[in-house]
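*Asks:* Before anything else, here's the structure in question.
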Amino acid sequence: MKIFLDSANVASIKTFADMGILDGVTTNPTLIAKESQGFLELVGEILRIVTGPVNLEVVSQNTEGMLHEAHDLAALAPNVVVKVPMTSEGLVAVRKLHKEGIKTNVTLVFSPNQALLAAKAGAGYVSPFIGRLDDVGHVGMSVVEEILQIYRNYDIETQVLVASIRHPIHVVEAAKLGAHVATMPSDVLEKMVKHPLTDIGLKRFLDDWSKAGLKLPERRTLEAKTRGLAGN
Ligand code: E4P
């Protein structure tokens with residue numbers, strides 16, 4: 001499963017990109033608005049760090065406006081994926097963009113039927129928002145399961161991008177179901193890196209090492225020793 005960061009924060013994006021665990025980034029108007037930079041400057045910085053898909057969302061509600069914005073966004077870099085909302089106007093835009101070879105992510109998907117229609121229109125990705133479904137008493141992950149089953153039944157190539165992830169268990173569940181991508185905020189990704197037993201284990205190793213007063217040898221000493229051993 002690919003891991004995307006759901007953030008427009010350059011420092012966070014850089015942190016996870018440096019770890020080599022970031023396959024892409026999703027943003028939305030709320031996430032962009034949280035940052036104190038202008039849109040172009042901010043997106044330029046993100047695109048300099050991320051080589052995988054960078055999802056940028058249109059804000060127009062009519063097809064013409066969406067298409068205009070989509071063309072501008074797609075022109076920024078070849079790895080830009082245009083996020084289009086799951087509306088009738090959005091579907092028309094997705095169909096046209098698909099014909100032009102511009103990759104789209106249909107966002108704000110809350111049902112298997114919406115996902116089926118988005119795929120038919122030519123979406124590259126669909127984004128079911130599982131956390132927001134959980135919030136209103138639906139099991140978000142079951143929508144992911146249904147979408148995956150429908151797509152498999154008909155060999156649909158649209159990728160399921162599990163969005164609105166709230167905790168690491170969501171990520172495990174998405175991976176077990178075989179979702180193509182999970183996008184998550186930085187706190188979830190940080191929690192995935194950490195385990196208390198790792199911290200306890202590391203502390204114990206280092207305490208034992210320092211109690212014994214040991215030191216790792218310098219590389220040159222090590223090389224000389226290895227040569228000596230090979231000569232014996
Ligand atoms: C996905 O692309 C969305 O930006 C995101 O996952 C929404 O998550 P939220 O429900 O936590 O705002």
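The values are calculated or read from the model by the stated rules, or taken from the named source; none is laboratory data. Not measured: the values here are computed from a predicted model. Heads up, the Cβs are rebuilt from the backbone with ideal geometry, glycines too, and the neighbour counts pull from every protein chain shown. With ligands, DNA and RNA removed, areas are computed over all heavy atoms of the protein, side chains included. Shrake-Rupley method; radii C 1.70, N 1.55, O 1.52, S 1.80 Å.
*Asks:* Exactly which GluC sites (Glu not before Pro) in the range 156-215 are in a DSSP loop and have at most 15 other Cβ atoms within 10 Å?
*Replies:* Details: sites: Glu157, Glu173, Glu190; in loops: Glu157.
Answer by residue number: Glu157.
*Asks:* Same structure again: Quick one: if you stick a label point 7 Å off each Cα along the C-beta vector at Trp209 and His68, how many nm between them?
*Replies:* Label-label distance for Trp209 and His68, simple model: 6.0 nm.
*Asks:* May I ask for log10 I(q)/I(0) of the chain at q = 0.08, 0.11, 0.18 Å⁻¹, from a Debye sum over the Cα atoms as equal point scatterers with solvent left out?
*Replies:* Evaluating at q = 0.08, 0.11, 0.18 Å⁻¹ gives log10 I(q)/I(0) of -0.39, -0.61, -1.35.
*Asks:* Helix-only estimate, please: 222 nm mean residue ellipticity of the chain, summing -39500 (n - 2.57) across DSSP H runs of length 4 or more and dividing by its residues, to the nearest 500.
*Replies:* Details: 12 runs with 127 residues, N = 232.
Result for the chain: -16500 deg cm²/dmol, rounded to the nearest 500.
*Asks:* Kindly write out, for the range 42-57 in residue order, the coupling ³J(HN,Hα) from the Karplus curve 6.51 cos²θ - 1.76 cosθ + 1.60 (θ = phi - 60°), rounded to whole Hz, with x marking Gly and Pro.
*Replies:* Coupling constants for the range 42-57: 5, 5, x, 5, 4, 5, 6, 8, 9, 8, x, x, 10, 8, 10, 9 Hz.
*Asks:* Quick one: check the C-alpha center-to-center distance for the range 176-232 versus the range 42-74, whole angstrom.
*Replies:* So the separation of the two Cα centres works out to 39 Å.
*Asks:* I would also like to ask the following. Per residue of the range 112-117, what does 6.51 cos²θ - 1.76 cosθ + 1.60 with θ = phi - 60° give for ³J(HN,Hα)? Whole Hz please, x for Gly and Pro, Karplus curve as stated.
*Replies:* For the range 112-117, the Karplus curve yields x, 5, 4, 5, 5, 5 Hz.
*Asks:* Right, here's the next one. Given a cut-off of under 8 Å on Cα pairs at least six residues apart, what relative contact order in percent is computed for the chain?
*Replies:* Values: 355 pairs, mean separation 36.5, N = 232.
Rounded, it is 16 percent for the chain.
*Asks:* Mind checking the range 189-232 for trypsin sites (Lys or Arg not before Pro) that DSSP puts in a loop (not H, G, I, E or B) and that have at most 15 other Cβ atoms within 10 Å?
*Replies:* Numbers: sites: Lys191, Lys194, Lys203, Arg204, Lys211, Lys215, Arg219, Arg220, Lys225, Arg227; in loops: Lys194, Lys215.
Answer by residue number: Lys194, Lys215.
*Asks:* Report, to the nearest whole %, how much of the accessible area of the range 2-193 belongs to carbon and sulfur atoms, 1.4 Å probe, protein only. Write out the running numbers ahead of the final one.
*Replies:* Details: 4830 of 9120 Å².
Percent of accessible area from carbon and sulfur atoms in the range 2-193: 53.
*Asks:* So who's got an amide H within less than 5 Å of the one on Thr26, skipping anything under 5 residues away but keeping other chains? H placed 1.01 Å off N, in plane.
*Replies:* Residues meeting the amide H criterion: Leu5, Asp6, Ser7, Asn55.
*Asks:* Quick one: ranking Thr183, Thr226 by accessible area, 1.4 Å probe, largest first, what do you get?
*Replies:* Thr226, Thr183
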